[in-house]
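First the structure, in the form of structure tokens, and then the observations on it.
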Amino acid sequence: MRLVSYGEFGHERAGILYEKKIIDLQEGMRVADCSVPVSDMRLFLEQKDWRHSAELVWARKGNLELIDVANVRLGSPVPVPRKLLIAGANTKSHIAEAESVLVTPIAPKEPMILAKATSSICGPFDEVIHPPETRKLDYEVELGVVIGRQGRRISESDVKDYIAGFTVINEMSARDIQLAEHEDNPFFRVHFVGKSFDTFNPMGPALVTLDEFEWGKALPLRTEVNGEVRQDDDTDDLYYGIERLVSYISQVMTLFPGDVIATGSPAGVANFMDPPQFLQPGDVVRCEIAGIGAIENRIVQG
């Protein structure tokens, strides 16, 4: 099943994508006599039986007026999660391409977990603002894992039971700010600020539920900038896999339905090209993951 959010930014409603139509979840739950009608995707995922409710709505789609997806804006599948977490330096190829700036080209001994503001999230086809504060805007295609059930200290063997599904993320950064090039001491890196500008996290086009995937099978990922392929790999490139990441994070903090974890990006980022090829206003970035779909965003001057 493909869950989507649609409508005006900041007021998105939850829905189910059916071919090129949207089933409004709130209306569908009313028709299906579900006890807790909700319109927001995070609130929907917080319902204990959300999967069953979605199936009831799906079964009654013939009784509903469907919305043409071409006539509405698609938002991020989960517009405002409680947490937006990132696994940094988590692909073998990305670690290898960063060798020039590493003391030794090895992965961290434990997952390197970063975060960004949830206000950085935008829709799968929204414009991305190039802020005047950066000269080094970069892209990173990443598989987004969306949590579907509250959990703490989750064992790796149980992780699958806590995941709602997957989405596509372009995990963008202002590299000069992230790496604190304005500081004399490189210790003062500010990953959170450099990754948290508004629109720096396009996400979508849907939350594809886990039943649509073969668990453990590699998913191809690809980034194109103005039609030029920049990243082309699959999730077998992840250093720490989904089970390890989710379990590790849950030892530190409770994970809630709707929380999003970006799992890591393969080689090909602008920062490590020779010469670097950072994004400029007018560029169009397309990120795609097999089985989920593609997001495409134009860069505009902020």
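The values are calculated or read from the model by the stated rules, or taken from the named source; none is laboratory data. Since the structure is predicted, the reported quantities are computational estimates derived from the model, not experimental observations. Cβ coordinates were reconstructed from backbone atoms using ideal geometry, including for glycine residues, and neighbour counts include every protein chain displayed.
When V146, V190 are checked against the criterion of being of a type in the set (A, V, I, L, M, F, W, C) and over 30 Å from K20 (Cα atoms), a single residue qualifies: V190. All conditions in (1) farther than 19 Å from K83 by Cβ; (2) in contact with a helix residue (DSSP H, G or I) (Cβ under 6 Å, 6 or more places away or on another chain); (3) part of a strand (DSSP E or B) hold for P205, with the sole exception of (2). Please specify each residue of region 152-169 satisfying the condition of being farther than 13 Å from L245 by Cβ and of a type in the set (D, E). Selection gives D158, D161.
Suppose the filter is surrounded by fewer than 18 Cβ atoms within 10 Å (Cβ to Cβ), part of a helix (DSSP H, G or I) and not assigned by TED's automatic domain parsing to the domain that holds T254; does R42 pass it?
no
Entry remark, region 176-198: residues being closer than 15 Å to E140 by Cα, surrounded by fewer than 23 Cβ atoms within 10 Å (Cβ to Cβ) and modelled with pLDDT of 95 or more number 1 in total.
Out of all the residues in region 10-18, is one or more out of contact with any helix residue (DSSP H, G or I) (no Cβ under 8 Å at 6 or more places or on another chain), not assigned by TED's automatic domain parsing to the domain that holds I147 and not in a loop (DSSP other than H, G, I, E, B)? No: zero hits.
Applying the criterion of at least 2 residues that are in contact with a Phe, Trp or Tyr (Cβ under 8 Å, 6 or more places away or on another chain) and either modelled with pLDDT of 95 or more or buried (at least 17 other Cβ atoms within 10 Å of the Cβ) (or both) to the strands (runs of 3 or more DSSP E) found wholly in region 51-153 leaves 112-115, 128-130, 141-147. For beta carbons closer than 8 Å, sequence separation of 6+ or different chains, a first residue in region 58-84 that is over 21 Å from P257 (Cβ atoms) and a second that is among the hydroxyl-bearing types (S, T, Y), the qualifying pairs are K61/Y18; L66/Y18; I67/Y6; V69/Y6; V72/Y6; R73/Y6.
Taken over region 278-302, residues that are in contact with a helix residue (DSSP H, G or I) (Cβ under 9 Å, 6 or more places away or on another chain) and either surrounded by fewer than 17 Cβ atoms within 10 Å (Cβ to Cβ) or assigned to a strand (DSSP E or B) (or both) amount to 3. Among the residues of region 232-248, those that are surrounded by 21 or more Cβ atoms within 10 Å (Cβ to Cβ) and either free of Cβ contacts under 8 Å to residues at least 40 places away in the same chain or part of a strand (DSSP E or B) (or both) comprise D233, L238.
Filtered by the rule that a residue be within 21 Å of K160 (Cβ to Cβ) and either in contact (Cβ under 8 Å) with a residue 60 or more places away in the chain or in contact with a strand residue (DSSP E or B) (Cβ under 6 Å, 6 or more places away or on another chain) (or both), region 178-214 gives A206, L207, V208, T209, L210, D211, E212, F213. When the test is whether a residue is in the same structural domain as G293 (by TED's automatic domain parsing), small (G, A, S) and within 13 Å of the chain's Cα centre (by Cα), G204 passes it.
Of all the criteria given as (1) modelled with pLDDT under 95; (2) on the phi > 0 side of the Ramachandran plot, the one not satisfied by D274 is (2). Restricted to region 277-302, and to residues there that are at pLDDT 95 or above and among the small types (G, A, S), the residue that is farthest from the chain's Cα centre (by Cα) is G282.
Quick one: which residue in R30, R51 is over 18 Å from the mean Cα position of the chain (by Cα) and over 30 Å from I249 (Cα atoms)? After applying the criteria, what remains is R30.
Taken over region 69-128, the criterion of being at positive phi and over 18 Å from the mean Cα position of the chain (by Cα) is satisfied by no residue.
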